[in-house]
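Inspection log for the structure reproduced underneath, given as structure tokens.
The values are calculated or read from the model by the stated rules, or taken from the named source; none is laboratory data. The shown structure was predicted, so the numbers you read here are calculated from the model rather than taken from an experiment. Glycine also receives a Cβ, built like all others from the backbone with ideal geometry; neighbour counts cover every protein chain displayed. Ligands, DNA and RNA are stripped out before the accessible areas are found, and what is left, the full protein with its side chains, is counted by its heavy atoms. Shrake-Rupley method; radii C 1.70, N 1.55, O 1.52, S 1.80 Å.
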Amino acid sequence: MIEADEDYSDAVLAGQRWEGRSFVRCDFTEADLRGLVTSGCTFTDCRFDRTDLGDSAHTATAFRSCRFDRAVLASASFRACTLLGSTFVDCALRSVSLEETDLTLVGLSQALLRKASLKGLRLREANLENADLRDADLRDADLTGARLRDCRFDGADLRGARLSADGLVAGALRGARVDLETAVAFAAAHGLRVD
């Protein structure tokens with residue numbers, strides 16, 4: 001059953017368990033979803049403006065092209081989820097747990113992800129412009145095609161991460177920890193001849 005164009009604004013749905021539910025273009029503005037547990041749910045083009053998702057847990061749930069504007073995500077966890085094409089605006093994301101989650105095409109411009117664990121995540125073509133990824137764990141992350149202009153990586157661990165040449169030039173990688181392959185790619189992206 002698909003719930004489409006439903007208005008859940010200001011709804012109090014804290015602590016509920018949802019399995020296999022589908023929501024399309026639903027509005028969860030300022031809803032209380034603290035402690036919500038989802039499994040196998042789908043949210044498409046939904047709005048989570050100023051929504052409280054603190055302590056929520058999501059497993060194998062898809063948030064496709066959703067908007068999270070000033071949403072509370074403190075201690076929220078996403079495991080084996082996809083956030084494909086979703087946008088996060090002014091959300092505190094440092095305490096969010098992301099495991100085996102697909103962040104392809106996600107909008108994280110100016111996101112505060114300092115010390116975040118993004119190890120092994122897919123961030124292909126994500127918008128990370130002006131994001132703060134200082135001291136973040138990005139080992140084995142796929143940042144292919146990600147927009148990294150003015151993204152800060154001081155102290156970040158990028159060993160095994162995949163970055164395109166544009167990202168190696170646009171991102172502020174000074175002080176980041178990289179492997180030899182990335183160091184050679186960085187040198188080549190900056191016009192050095194590596195013989």
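For the range 46-90, what class follows from the C-alpha gyration tensor (a ≥ b ≥ c being the square roots of its eigenvalues): rounded when a/c is under 1.5, otherwise prolate if a/b is larger than b/c, else oblate?
Working: a/c = 2.21, a/b = 1.11, b/c = 1.98.
In terms of gyration-tensor shape, oblate.
Counting only trypsin sites (Lys or Arg not before Pro) that are in a DSSP loop and have at most 10 other C-beta atoms within 10 Å, tell me the longest site-free stretch of the chain.
Working: sites that count: 174, 193.
Longest site-free region, per DSSP loop and neighbour criteria: 1-173.
With an 8 Å Cα cut-off and a minimum separation of 6 or more residues, compute the relative contact order for the range 50-170 in percent. Intermediate values should be presented prior to the final figure.
Numbers: 394 pairs, mean separation 20.1, N = 121.
Result for the range 50-170 is 17 percent.
For the range 9-108, state which chymotrypsin sites (Phe, Trp or Tyr not before Pro) are in a DSSP loop and have at most 10 other beta carbons lying within 10 Å of their beta carbon.
none
Can you tell me the dipole magnitude for the chain around its Cα centre, using point charges on the Cβ only (Lys, Arg +1; Asp, Glu -1), in Debye to the nearest 20?
On the way: 26 positive and 32 negative charges, 131 e Å.
Rounded to the nearest 20 debye, it is 620 debye.
Provide, as a two-decimal number, the C-alpha radius of gyration of the range 1-86 over 2.2 N^0.38 Å, N being how many residues it has.
Details: Rg = 11.2 Å, N = 86, 2.2 N^0.38 = 12.0 Å.
Its radius of gyration relative to the 2.2 N^0.38 Å reference: 0.93.
Might you report the magnitude of the Cβ-based charge dipole of the range 91-184 about its Cα centre, with Lys and Arg at +1 and Asp and Glu at -1, to the nearest 20 debye?
Working: 15 positive and 16 negative charges, 49 e Å.
It works out to roughly 240 debye.
What ³J(HN,Hα) values, in whole Hz, does the Karplus curve 6.51 cos²θ - 1.76 cosθ + 1.60 give for the range 70-76 when θ = phi - 60°, with x put for Gly and Pro?
Those phi angles translate into 6, 6, 8, 10, 4, 6, 6 Hz.
Find the percent of Cα-Cα distances in the range 107-164 that exceed 16 Å, and round it to a whole number.
Working: 517 of 1653 pairs.
So the pairs more than 16 Å apart make up 31 percent of the total in the range 107-164.
For residue 174 and residue 80, what does the FRET efficiency come to when R0 = 30 Å and r is the distance between their Cβ atoms, rounded to the nearest 0.05?
After rounding, the FRET efficiency stands at 0.30.
Considering only protein heavy atoms and a 1.4 Å probe, what is the carbon-and-sulfur percentage of the accessible area of the chain?
Values: 4410 of 9730 Å².
Whole-percent figure for carbon plus sulfur exposure: 45.
Which order do 72, 106 take when ranked by solvent-accessible area (1.4 Å probe, heavy atoms of all protein chains), largest first?
Descending accessible area places them as 72, 106.
Using the Cβ atoms and a cut-off under 11 Å, what net charge is assigned to the surroundings of residue 108, where Lys and Arg are +1 and Asp and Glu are -1?
Details: positive: 147; negative: 129, 132.
So the surrounding residues net to -1.
What FRET efficiency would be calculated for the residue pair residue 165, residue 195, taking the C-beta separation as r and a Förster radius of 30 Å, to the nearest 0.05? Show your work: numbers first, answer last.
Numbers: r = 19 Å, r/R0 = 0.62.
Here the calculated transfer efficiency is 0.95.
Semi-axes of the range 57-195's equivalent ellipsoid from the Cα gyration tensor, sqrt of 5 times each eigenvalue, largest first, rounded to whole Å?
Working: eigenvalues 137, 38, 36 Å².
Output for the range 57-195: semi-axes of 26, 14, 13 Å.
What number comes out for accessible area per residue over the chain if the probe is 1.4 Å? Units Å², please. Kindly include the intermediate steps, with their values, before the conclusion.
On the way: 9730 Å² over 195 residues.
Accessible area per residue: 50 Å².
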